1. Quick one: what are the phi-derived ³J(HN,Hα) couplings along segment 128-136, Karplus 6.51/-1.76/1.60 with θ = phi - 60°, whole Hz, x for glycine and proline?
2. Kindly put L53, L74, L67 in sequence by how many other C-beta atoms sit within 10 Å of each C-beta, fewest to most.
3. May I ask you to list the residues of segment 55-71 whose amide nitrogen lies under 13 Å from a point 7 Å from Cα along the Cα→beta-carbon direction of Q144?
4. For a quick size check, give me the Cα extents of segment 47-234 along its three principal axes, largest first, whole Å.
5. Tell me the volume per residue, in Å³, of the convex hull enclosing the alpha carbons of segment 124-239.
6. Tell me, Kirkwood radius of segment 44-125 from alpha-carbon pair distances, in Å?
7. Starting from the amide H of I87, placed 1.01 Å from N in the peptide plane, find each other amide H under 5 Å away whose residue is 5 or more places distant or on another chain.
8. Dividing the Cα radius of gyration by the Kirkwood radius, what Rg/Rh value follows for segment 64-172?
Amino acid sequence: MTKKSLDQDMSYREELLNSIEPNFIFSKKPINRFKIQKTNSNNNKLDKSAELLELKNHINSIQNCNLKDNSKKLIMGDGNINSPIMIIGEAPGEEEEKTEKTFQGESGALLEKMLKAIDILKNDVYSTYAINFRPPEDRKPTTQEIKRYSIFLKEHISIIDPKIIILFGSTAMESVISSNERISNERGKWKEIILKNKTYPLMITFSPSYLIRFPENKKFSWEDLKKIRQKILDLKIKF
């Protein structure tokens, strides 16, 4: 994916990376005539933080779990908890376990490039995993493990309440939409999941770690990213 090809494919407006301007209301008082309108964003953030902590404690209390028993850290998630974009990877690896952060190392660097290609900064999204513990020897989680943790993941999605979900990899796909199809057949198509009577649009694409091993598939991921960008424009999402 070169800069030249990015410029040829699309030109995105820089305003989408700017902060939302504050809303002002007029006052009749002789001084301080303009006031920034108060919002409940801080309260929402506190509520979400409390719910996420409760969910984390719930996950940490799980019993008879090979993943938990063989892992050093629970990797919950990071980024902007009020973000309209939620990205879900497969499972943490060694670097994530060390730093207790999502998408680190080479795969994290590639993810940042992928997001930046569509004018999104990783810090502006919320990221987590389908599985919260590093699998032994970084193996693929079993279907039984994926099903067990999907309950937590779906609660996680409801708490964050994003406008768009991006699923990176087959484990995330299986966890959220219960599909065992080849990811090559499922990627690039907008799908929906309904949680607690709310509908969330989602896009499935290849994980950064997979693209590092098979870089010839980056062209397909680029097509997926362009569709995500268009959905952001269609929904008038701002960061």
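Every number here is computed from the coordinates shown, using simple stated rules; none is lab data. Values in this document were obtained by computation on a predicted structure and should not be read as measured data. Because the Cβ atoms are built from the backbone with ideal geometry, glycine has one as well, and the counts that use them run over all protein chains shown.
1. Running phi through 6.51 cos²θ - 1.76 cosθ + 1.60 with θ = phi - 60° gives 8, 10, 5, 10, 8, 10, 5, x, x Hz.
2. Working: L53 11, L74 17, L67 20.
Ordered by Cβ neighbours within 10 Å, fewest first: L53, L74, L67.
3. Residues passing the 13 Å test: 64-67.
4. 42, 37, 30
5. Details: hull volume 13.3 nm³, N = 116.
Expressed per residue, the convex hull around the Cα atoms of segment 124-239 is 115 Å³.
6. When all Cα pairs of segment 44-125 are included, the Kirkwood radius is 14.2 Å.
7. Hits under the 5 Å cutoff: Y126, S127, T128, I166.
8. Numbers: Rg = 13.3 Å, Rh = 14.0 Å.
Rounded to two decimals, Rg over Rh is 0.95.
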